[in-house]
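Peer 1: First the structure, then my questions, so here it is.
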Amino acid sequence: MKKHIYLMRHGQTVFNLQHQIQGWTDSPLTGLGRYQAREAGEFMLTCPLKFDHFYSSPLSRASDTLELVFPGEDYIKLDGLKEGNFGLLDGQSDGLDPEKRSEWISKLKDPLREKVATRISKTLIELMEREDHYEVLCATHGAASLYFTNDIAKKGKFDSFQDIHNLDILMFSYDSEDKSFTFIEQIHTIQ
């Protein structure tokens with residue numbers, strides 16, 4: 001049986017709204033972010049996707065999003081799904097310009113980018129190697145998803161951070177023979 005993993009980005013946060021960099025600094029969801037999550041939940045009710053396990057980054061913006069999209073579902077928080085730690089840049093302005101943010105994110109190379117992509121990959125492989133895990137959803141973060149998609153997964157490339165919007169879901173197939181992921185599609189849960 002084929003296995004799939006889905007990475008869902010959290011809803012809008014205060015730092016997103018203020019154009020501030022957020023890594024391990026935990027910025028709460030805005031009213032719009034909560035609304036987006038509820039809208040994504042409505043979308044998921046009509047979507048043919050069904051999940052057998054749920055996981056989240058321990059940062060509240062991800063776990064709060066998961067709870068709003070899938071109310072009442074049991075899930076486990078995993079450190080391996082956290083965003084990158086941007087250190088002293090956390091909470092700093094990203095220049096208020098989406099192109100500058102995209103450029104800044106794309107320049108984050110070794111060791112941070114590789115470290116985050118490798119950590120996410122290791123976590124996802126551990127999940128997908130579990131016998132009863134076939135359709136798994138993980139609530140996580142934009143840059144972490146971008147690094148994993150561009151640096152680890154086969155096929156599919158995103159050119160900028162802007163390509164992964166709040167509440168977007170990235171779908172991957174998992175090949176247990178070579179422990180690899182292949183990007184399948186990006187699902188927009190809200191408009």
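Peer 1: Given a 1.4 Å probe and heavy atoms of the protein chains only, how would you sort Ile169, Ile190, Ile184, largest accessible area at the top?
Peer 2: Ile184, Ile190, Ile169
Peer 1: Any chance you could look up the accessible area of Arg34 with a 1.4 Å probe, heavy atoms only, rounded to 10 Å²?
Peer 2: 90 Å²
Peer 1: When only the heavy atoms of the protein chains count and the probe is 1.4 Å, how do Val116, Val14 rank by accessible area, highest first?
Peer 2: Ranking Val116, Val14 by accessible area, largest first, yields Val14, Val116.
Peer 1: Given the protein chains as shown and a 1.4 Å probe, how many square angstrom of Asp26 are accessible, to the nearest 10?
Peer 2: Its accessible surface works out to 60 Å², give or take rounding.
Peer 1: Please say if the range 32-78 is rounded, prolate or oblate, where rounded means a/c under 1.5 for a ≥ b ≥ c the square roots of the C-alpha gyration tensor eigenvalues, and otherwise the choice is prolate for a/b larger than b/c and oblate otherwise?
Peer 2: It is oblate, given that a/c is not under 1.5 and a/b is not larger than b/c.
Peer 1: Compute, for His53, the solvent-accessible surface of its heavy atoms (probe 1.4 Å) with the complete set of protein chains present, and express it in square angstrom to the nearest 10.
Peer 2: 40 Å²
The values are calculated or read from the model by the stated rules, or taken from the named source; none is laboratory data. In this text, all values refer to a predicted model and were calculated from it rather than measured experimentally. Surface areas here come from the heavy atoms of the whole protein model, side chains and all, with no ligands, DNA or RNA. Shrake-Rupley method; radii C 1.70, N 1.55, O 1.52, S 1.80 Å.
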